[in-house]
Amino acid sequence: MWVDDEHYRSLWVADDSWTIEIIDQTRLPHEFMIVSLVTLEHAIHAIKTMQVRGAPLIGITAAYGIGMAMRVDSSDAALESAIARLQATRPTASNLAWALEEMRQRLAPLQPEERINAAYRRARELVDHDIMTCKSIGAHGVELIRDIAKRKDGKPVNILTHCNAGWLATIDWGTALSPIYRAYEDEIPVHVWVDETRPRNQGAALTAWELGKHGIEHTVIVDNAGGHLMQLGLVDICIVGTDRTTAGGDVCNKIGTYLKALAAHDNGVPFFVALPSSTIDWSLESGADIPIEQRGSEEVSHVYGLTDDGAVGRVDVVAPGSEVVNPAFDVTPRHLVTGLITEQGICGASREELTKLFPVQAG
Ligand code: MRU
């Protein structure tokens, strides 16, 4: 999407055809820094430290990480070791396991010397697939926004989103933000309520940044404001992303998503979840079985930002000696989800409905 007047993707291949360049998302919104990934260790570091984050982008970065590993050693053992190391970077998002399995299926049957080029080719296909998928999510999801706009008499449709499920979390377009970008293209007036999304502030730092750079009207709110705005009738629809959706329709997303879904349910606000099918874990029925990433306590105890003297720094916001816990995701049960916006269309949050859209994957 657009950053001022330039078109960017969250990740691309450099001119040497091997190096992967990423926008370092730990530096946004105050610094726009491009980082080069050359080795498997670089790819692992980028995912673990969240220089790249968001379920689909984690998967694609891991796919290129396999290519980087193959350049050093393309044996069977090296392939399996790279897959295992990348898989261990972050536990919750399905797309990581999905992308690594795609790489294994393509590379394992080949001779070792064929694997380097094949890995980069397959990763490139996954990039193209991600862009097409996200674009389709936008094409389906925009119809929900268009329907609401018909009742709004020219006033903007107010959409609440949580965390960052925009182009920074994918390659381009995003998932939850894709219908919003499409609405903007179609000249449907929209306004986005952006949850700040503590502890890492992906909403305030990333969603607000990408919407702002694209020229989309938005307002950042604290995480606890959503319910109040819904009571006042100021939210027409919630659209969020997901890191793993079970075959039964339970949705795992950034911590705090569940509370938004509860508030939406109580206030009759439609709550939609946008996802590529690579996010569906067909092996799980219940969201209770999804592994929830536990992240470091410093993400809760400290906040990063721009200080008044123009330096980027972090400050401690927790009383000394207090215990801190930091679960990164929560599960929204299917009965709170109005619908799932996928690349194949919109469906209810249930095995039956998902199976209608994805009969092959559902088996
Ligand atoms: O911890 P993060 O920043 O990787 O979490 C990202 C999210 O929770 C997104 O909502 C999710 O990955 C969907 S992205 C299209």
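Values in this text are rule-based calculations from the coordinates and carry no lab data. Keep in mind that what you see is a predicted model, and the values were worked out from it rather than measured. We place every Cβ from the backbone using ideal geometry, glycine too, and count neighbours over all the protein chains shown.
Each Lys or Arg adds one and each Asp or Glu subtracts one; over the other residues with Cβ under 15 Å from the Cβ of GLN294, this totals -1. Spatially, segment 176-216 and segment 286-318 are offset by 21 Å when compared through their Cα centroids. Placing +1 on each Lys and Arg Cβ and -1 on each Asp and Glu Cβ, with no other charges, gives segment 237-363 a dipole about its Cα centre of roughly 400 debye. Between VAL52, VAL324, VAL240, the GNM of the chain built on Cα springs shorter than 10 angstrom shows VAL324 fluctuating the most. Exceedance of the 26 Å cut-off in Cα-Cα distance is limited, within the set LYS48/LYS254; LYS155/LYS254; LYS155/LYS213; LYS155/LYS260, to LYS155/LYS254. The calculated FRET efficiency for GLN111 paired with GLU352, based on their beta-carbon distance and R0 = 56 Å, is about 0.80.
Using the Kirkwood radius built from alpha carbon pairs, what does the Stokes-Einstein equation give as D for segment 234-363 at 20 °C and 1.002 mPa s, in µm² per second? Translational diffusion coefficient: 130 µm²/s.
Site pair VAL303 and VAL325 shows an inter-label distance of 2.3 nm when each label is modelled 7 Å from Cα along Cα→Cβ. Residue-normalised convex hull volume from the C-alpha trace of the chain: 146 Å³ per residue.
When segment 90-184 is described by a simple charge dipole with +1 on each Lys and Arg Cβ and -1 on each Asp and Glu Cβ, the residue from TRP173, MET132, GLY154 located farthest towards its positive end is GLY154.
Within the same chain, aspartates and glutamates fewer than 8 places from LYS356 are excluded, and of the rest, those with a Cα less than 18 Å from its Cα are ASP250, ASP281, GLU285, GLU343.
One equal scatterer on each Cα of segment 66-154, no solvent, Debye formula: the resulting log10 I(q)/I(0) at q = 0.14, 0.23 Å⁻¹ is -0.59, -1.10.
Taking 0.36 nm per residue of sequence separation and subtracting the Cα-Cα distance, how much length would be gained by fully extending the chain between ALA139 and GLU217, in nm to one decimal?
Details: separation 78, 0.36 × 78 = 28.08 nm, distance 1.99 nm.
Length gained, ALA139 through GLU217: 26.1 nm.
With K and R counted +1 and D and E -1, the other residues having a Cβ less than 13 Å from that of HIS191 yield a net charge of 0. Size of segment 178-257: Rg and Dmax of its alpha carbons, in Å, are 13.4, 37.
Report Rg/Rh for segment 1-55, rounded to two decimals, where Rg is the Cα radius of gyration and Rh the Kirkwood radius. Don't skip to the answer; put the middle values down first.
Working: Rg = 11.4 Å, Rh = 11.8 Å.
The Rg/Rh ratio comes out at 0.97.
Full extension of the segment from THR19 to SER75, taken as 0.36 nm per residue of separation minus the current Cα-Cα distance, would add 18.1 nm. Remark: segment 2-128 is approximated by an ellipsoid whose semi-axes, taken from the C-alpha gyration tensor as √(5λ), come to 24, 15, 12 Å, largest first.
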